Amino acid sequence: MPTETASQVQRVTAPQPGSLERGIDILLALSAATRPLTLSQLCRNTGLPKSTAHRILGALCSRELARRVGTGYLPGELLETMAGITRARVPGTRKVVLPYLLYLYETTRQTVNLAVPSGLEARYVERLYGHNRVRSRSDGLDRAPLHCTATGKALLAFDPRLRQELLARGTFERMTRRTIINLAGLERELAQVRRHGVAYSQEEYTEGVACVAAPVFGPGGRICMSLGVAAPATGAPLAKLGISVRGAAQAISAALLGA
């Protein structure tokens, strides 16, 4: 009768990973992703059965360590806060970008937002404002939908993959009476953004708030962030703000290239 080798015995008796190890594997996979991962993708990345991964994801989502975005998953609020995941996605350094944000605020005296894509949302990683800041739905959340914000439109217009993922939905949530909720309307809007290099949102996300944004490109020539200014909708000099925002975004792009 054949005798088992030591390696065979070791493989048979090695302990199987527990729920903690499996949960860590899922969190590591989510942390490394730049787009939402579907359940199938997470299973391929971790080697976990679908039923096991689904059960663990449910627990992680309930504790804000993961979150559902469309049909996929991303790191949750608590995990991003603990690990600084969102800020790590910003190319360059805060030291490079911040002077331009400060200059834009001094020039406009309006709320300045720097956003990165996070799933199918715009995630605000820097915000500068004074005592008279304009109030928005995104206050306290630091994230907002892509389809109805200027920073989101700037990201969508120059990121084909992100645009494809969002447009696959076909229709979009109405936030105000001015929100663009149909595919054709949003496509026309994004074409204008690509043509002029500036995105606008006039009371589409929050009543009484108008926003202007422009894309920021990284060393590879791909969009990595969007820079925006939010102001009161009544009397906001949108054309003048657009010139200031686009100029600052171009300066940041050049600085990131140099860095």
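How much of the DSSP bridge set in the chain is antiparallel, in percent, rounded to the nearest 5? Intermediate results must be reported in sequence, preceding the final value.
Details: 35 of 35 bridges.
Roughly 100 percent of the beta bridges in the chain run antiparallel, per DSSP.
Computed on protein heavy atoms with a 1.4 Å probe, the accessible areas place 225, 175 in the order 175, 225, largest first.
Quick one: net charge around residue 227, please, counting Lys, Arg +1 and Asp, Glu -1 for every other residue with C-beta under 12 Å from its C-beta.
On the way: positive: 127, 246; negative: 126.
For residues surrounding residue 227, the net value is +1.
Work through the residues other than residue 255 whose Cβ is under 13 Å from its Cβ and net out their charges, Lys, Arg +1 and Asp, Glu -1. Around residue 255, the charge tally is +2.
Taking a straight Cα-Cα cut-off under 28 Å and skipping sequence neighbours fewer than 8 places away in the same chain, the lysines within cross-link reach of residue 95 are 153, 240.
With K and R counted +1 and D and E -1, the other residues having a Cβ less than 9 Å from that of residue 190 yield a net charge of +2.
Please arrange 147, 131 by accessible surface area, largest first, computed with a 1.4 Å probe and ligands excluded.
Details: 147 10, 131 200 Å².
Descending accessible area places them as 131, 147.
Note on the chain: GNM, Cα springs under 10 Å; of 221, 76, 242, the largest mean-square fluctuation is that of 221.
Accessible surface of the chain, 1.4 Å probe: 55 percent of it comes from carbon and sulfur atoms.
Hey, can you list the DSSP H helices of the chain whose Cα span along the axis is 27 Å or longer and whose average Kyte-Doolittle score is at least 0.5? If you can, show how the numbers build up before the last one.
Values: long enough: 238-258 (30 Å, 1.17).
Those that pass (Cα extent of 27 Å or more, hydropathy at least 0.5) are 238-258.
Accessible surface area normalised per residue over the chain is 52 Å², counting heavy atoms of protein chains with a 1.4 Å rolling probe. Counted without the sites themselves, the longest stretch of the chain free of GluC sites (Glu not before Pro) in a DSSP loop having at most 14 other beta carbon atoms within 10 Å is 65-172. Between residue 182 and residue 161, the FRET efficiency estimated from the beta carbon spacing at R0 = 30 angstrom works out to 0.90.
Run the numbers for residue 54 and residue 103: contour at 0.36 nm per residue of separation, minus the present Cα-Cα distance, in nm.
Working: separation 49, 0.36 × 49 = 17.64 nm, distance 4.67 nm.
Full extension of this stretch gives 13.0 nm more.
Any chance you could check the Cα centroid distance between region 103-156 and region 158-180 for me, in angstrom? With region 103-156 and region 158-180 each reduced to a Cα centre, they are spaced 17 Å. Placing a pseudo-label 7 Å from each Cα along the Cα-to-Cβ vector at residue 207 and residue 254 gives an inter-label distance of 4.3 nm. Per residue, the convex hull around the alpha carbon atoms of the chain comes to 164 Å³.
The values are calculated or read from the model by the stated rules, or taken from the named source; none is laboratory data. Being a predicted model, the structure only gives us computed values, none of them experimental. Methodologically, a virtual Cβ is constructed for each residue, glycine included, from the backbone with ideal geometry; neighbour enumeration extends over all protein chains shown. Calculation scope for accessible area: heavy atoms of the full protein, side chains included, ligands and nucleic acids excluded. Shrake-Rupley method; radii C 1.70, N 1.55, O 1.52, S 1.80 Å.
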